[in-house]
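One structure is given below, encoded as structure tokens.
The values are calculated or read from the model by the stated rules, or taken from the named source; none is laboratory data. Values in this document were obtained by computation on a predicted structure and should not be read as measured data. Note: ideal-geometry Cβ built from the backbone for every residue, glycine included; neighbour counts use all protein chains shown.
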Amino acid sequence: MQLGTVIGNVWATRKEDDLTGLKFLFVQPELPDRTSVGDPFIAVDRIGAGFGDRVLVTRGSAAANMSIEQNLPIDALIIGIVDSIDVERKEVNERE
Amino acid sequence: MQLGTVIGNVWATRKEDDLTGLKFLFVQPELPDRTSVGDPFIAVDRIGAGFGDRVLVTRGSAAANMSIEQNLPIDALIIGIVDSIDVERKEVNERE
Amino acid sequence: MQLGTVIGNVWATRKEDDLTGLKFLFVQPELPDRTSVGDPFIAVDRIGAGFGDRVLVTRGSAAANMSIEQNLPIDALIIGIVDSIDVERKEVNERE
Amino acid sequence: MQLGTVIGNVWATRKEDDLTGLKFLFVQPELPDRTSVGDPFIAVDRIGAGFGDRVLVTRGSAAANMSIEQNLPIDALIIGIVDSIDVERKEVNERE
Amino acid sequence: MQLGTVIGNVWATRKEDDLTGLKFLFVQPELPDRTSVGDPFIAVDRIGAGFGDRVLVTRGSAAANMSIEQNLPIDALIIGIVDSIDVERKEVNERE
């Protein structure tokens, strides 16, 4: 999974039938220290995430595992809203 | 999911049997401000997207979830035509 | 899906049992103007593609959807031989 | 699979229902010589990995295969704690 | 699929239950001319590959298709040991 911050919304009236009613949010991926890393992408949200929230996102086809009856054509899902993070810096050599 | 703009078509008469009748469109991936990012790719369209439309695309094997009876060998699907986008710039440090 | 040109073959006598009889081809990925982009990879072919053919390739686990009875451990499948392409250049700013 | 070292934890009270009770750890990906490579990501752990442990991680939707009854929306799973590694340097030319 | 050479082993006693008995090998990905490309990764081997063997590897969740009864949480599988390769250089312009 990946950390990110919700930075916006996208609306699409005309869409694949199965996706009606889903909420699509823009997420900016981040490192644990909140540095942005990579381009923003769009994720489905079912747990009530909003602008500025720090979230956990599952990417790829596993995102579709959210629905039990039928797998949907989505490739990113917000699976959690982050309460806290505890990361220590590894004491090793970084590749230059 | 990823934003993009439809920039063209590709035709292939000889193809895997299950794919007959599907429409294949070139999509140029973009950031929310419409800057191009990365190389164009080919996505299946079932919702009537056309040249110049701004679209939402699902990539990877989740694209195949569009069909209920049988999963098809496709790895990108246009899932929506974008009405509007609302993105605010994150107030954080970018990685240099 | 991705465009590419068939540039060679690979043979492997000793392999996973389920893969006996499949044809494995090297594909060089390309942009619509036939510029090479990225490293060549190996794809399964069932539609009779040959050296120099321009092909459409599905990558990732969706490639395994070609078989109905049983999903095979393959991650790239040639799904079409390209007849023609029609791409117009987007009138937008490229990222520098 | 990929090597990495556990560098921290992340907590999220509000999350997708199916994920209650799972442990989420930050993993820094590494080469065999323990050089860091790429950005840290978050993986589910069910085998008791802890801070500083060197682990094997499966990424992508195969991570969801850990559960037999139902596939969960997770995209990284710690599948092993590394005992030892034996790697010899390839005697070939590196790309420059 | 991807070409590579087996460069080592990794052992993990404590691991996900379903993975007991599997052999994990380090593979260095390569181009057809045996130039190394990208970082080494770990793949499951069931066909008896050994140190120095040139192999074909399936990456991503399709690797889990090796098992019929139950999909395992693995993301790379050695599917063949290469006998020979025949690649011709494409006569086109490379991107600079």
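Would you check which residues across the range B:67-84 are over 12 Å from the mean Cα position of the chain (by Cα) and either more than 14 Å from C:Ala76 (Cα to Cα) or without any contact (Cβ under 8 Å) to a residue 40 or more places away in the chain (or both) and list them?
Filtering the range B:67-84 down to residues over 12 Å from the mean Cα position of the chain (by Cα) leaves B:67-73, B:83-84.
Matches in the range B:67-84: B:Ser67, B:Ile68, B:Glu69, B:Gln70, B:Asn71, B:Asp83, B:Ser84.
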Of the numbered conditions (1) within 13 Å of chain E (Cβ to nearest Cβ); (2) over 23 Å from A:Leu72 (Cα atoms), D:Ala62 satisfies every one except a single condition; which is it?
-> (2)
Heads up, the strands (runs of 3 or more DSSP E) in chain E (entirely inside) with at least 2 residues that are surrounded by 23 or more Cβ atoms within 10 Å (Cβ to Cβ) are E:2-11, E:23-30, E:41-45, E:54-59, E:76-81
Residue within the range B:54-69 that is out of contact with any Lys or Arg (no Cβ under 7 Å at 6 or more places or on another chain), more than 15 Å from C:Ala62 (Cβ to Cβ), of a type in the set (Ser, Thr, Tyr) and modelled with pLDDT of 95 or more present = no
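Test of understanding: among A:Ile81, A:Ile74, which residue is of a type in the set (Val, Ile, Thr), away from chain B (no Cβ under 13 Å) and out of contact with any Pro (no Cβ under 6 Å at 6 or more places or on another chain)?
On the way: A:Ile74 fails: away from chain B (no Cβ under 13 Å).
Answer to the selection: A:Ile81.
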Answer residue from the range E:28-53, given it is without any contact (Cβ under 8 Å) to a residue 12 or more places away in the chain and among the β-branched types (Val, Ile, Thr) and is farthest from E:Asp86 (Cα to Cα) among those | E:Val37
